[in-house]
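Mind having a look at this structure? Questions to follow.
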């Protein structure tokens with residue numbers, strides 16, 4: 001892994017790996033006149049993607065532009081906060097300008113500027129917030145600070161009708177949580193990560209496996225690499241400690257034990273097969289399939305308990321129970337298929353945004369800003385006083401209430 005200090009000597013080479021690209025999700029960019037519709041610009045810099053987008057109040061996506069740092073950080077061995085900050089600073093203006101240009105709107109045409117302020121990497125958040133403040137000073141447009149996880153939770157409402165309340169599972173490289181979404185700014189936190197995220201577990205395990213040395217995994221994130229390799233493997237080949245995680249009657253998540261078990265298995269397999277240096281264990285596909293299944297099993301059991309808790313306390317309408325799964329890890333189709341099995345068992349409708357909208361992007365920030373604007377919530381009077389927060393909970397935490405309910409889980413067959 002390269003240090004931040006050493007990265008500066010590679011700046012020119014790194015920049016050659018970076019391209020500005022317009023992202024077009026499974027939504028057609030509107031060619032209609034904006035007319036009397038409301039317009040919101042969204043700015044996202046919570047981690048390692050610089051995103052900006054413009055939406056109007058009729059759910060038309062006018063623009064969606066992103067600069068991804070994924071390849072850069074793969075080369076560096078992981079996300080380096082100060083490097084991410086530098087790259088945000090380099091690209092923030094061109095990305096925002098491109099979003100406005102693609103939408104064919106001027107700054108003064110906007111009704112609000114929405115910007116991610118929490119949670120995330122503080123150095124990255126500072127760049128987006130600083131640029132948003134500059135734009136507000138220039139234009140006098142209203143500012144709407146955005147909670148990154150709330151934006152992920154509500155993105156699905158941009159592309160289809162999803163009525164409140166609904167259950168949401170957010171799985172990403174920085175977070176893992178289960179919450180009940182009751183309104184635009186009203187969330188009950190049912191389960192949260194006690195240590196690290198599933199995305200982080202995927203990435204670190206992929207690095208331990210040295211998957212980036214495989215041609216087919218070149219340029220892919222750790223999670224995408226494991227998903228790809230797992231397609232050729234047997235998910236029952238290696239055993240992970242499911243029973244230990246199932247002892248506790250809550251909906252909280254823990255992935256550190258799975259990651260540590262993965263590390264031990266990889267080292268044992270390398271010793272057994274005499275694997276050294278950049279070489280990879282011969283049964284890597286079986287390992288990836290088994291590890292991916294372990295992640296799914298943990299998510300599925302927590303979801304199962306959350307659905308039963310909601311039933312117990314009448315938190316979801318019986319006639320129309322909905323689960324929304326979003327966040328970067330939700331792009332994993334194997335996980336989606338497994339969670340669908342849980343929903344089928346509990347008469348719950350599963351909805352996932354298109355994969356391109358599961359990862360961080362400016363569009364989800366713009367849409368969350370629009371939702372707030374339309375109901376008159378979250379608009380700040382003194383934008384200069386707005387600050388960013390690296391860590392921030394989502395909604396009201398009721399995880400202790402879930403544990404006290406002591407819900408026993410029926411058997412769940414996923415294989």
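Every read-out reported here was derived from the displayed coordinates using simple, explicitly stated rules and does not represent laboratory data. Given the structure is predicted, the values throughout are model-derived calculations rather than measurements. With ideal geometry, Cβ positions are generated from the backbone for all residues, glycine too; neighbour counts draw on all protein chains shown.
How much of the DSSP bridge set in the chain is antiparallel, in percent, rounded to the nearest 5?
55 percent
Same structure again: Can you list the residues of segment 305-321 with backbone N under 19 Å from a point 7 Å past the Cα of residue 160, pointing along Cα to Cβ?
Taking a point 7 Å out along Cα→Cβ of residue 160, the residues of segment 305-321 whose backbone N falls under 19 Å are 317-321.
Could you check the spin-label model distance between residue 239 and residue 391? Points 7 Å from the Cα along Cα→Cβ, value in nm.
3.6 nm
Provide the gained length on full extension for the span residue 346 to residue 94, in nm with one decimal, where the gain is 0.36 nm per separating residue minus the Cα-Cα distance.
Extra length available between residue 346 and residue 94 comes to 86.0 nm.
Which of these values of percent of Cα pairs over 37 Å apart was calculated from the structure shown: (i) 33; (ii) 48; (iii) 24?
Entry (iii).
Continuing with the same structure: For each of 181, 46, count neighbouring Cβ atoms within 10 Å of the residue's Cβ, then give the residues from fewest to most.
Taking fewest neighbouring Cβ atoms as first place, the list is 181, 46.
Which of 92, 80, 226 moves most in a GNM of the chain, Cα contacts under 10 Å?
80
Let's test the formula: R0 of 25 Å, r as the Cβ-Cβ distance of residue 75 and residue 276. What FRET efficiency results, to the nearest 0.05?
E(calc), rounded to 0.05, equals 0.65.
A further question on this structure: Pick from 219, 376, 390: which is most flexible by mean-square fluctuation in a GNM of the chain where alpha carbon atoms under 10 Å apart are linked?
376
Springs between alpha-carbon pairs under 10 angstrom, Gaussian network model over the chain: which of 116, 45, 261 fluctuates most?
It is 261.
Using the 10 angstrom Cβ neighbour count as an exposure proxy, how do 392, 47 rank, fewest first?
Going from least to most buried by this count: 392, 47.
At a Förster distance of 25 Å, what's the computed FRET efficiency of residue 336 paired with residue 228, Cβ-Cβ distance as r, to 0.05?
After rounding, the FRET efficiency stands at 0.95.
A further question follows. Shape of segment 40-156 from its Cα gyration tensor (a ≥ b ≥ c, root eigenvalues): rounded if a/c is under 1.5, otherwise prolate when a/b > b/c, or oblate?
Note, shape of segment 40-156 comes out prolate.
Next question. Based on other C-beta atoms within 10 Å, arrange 386, 375, 329 from fewest to most.
375, 386, 329
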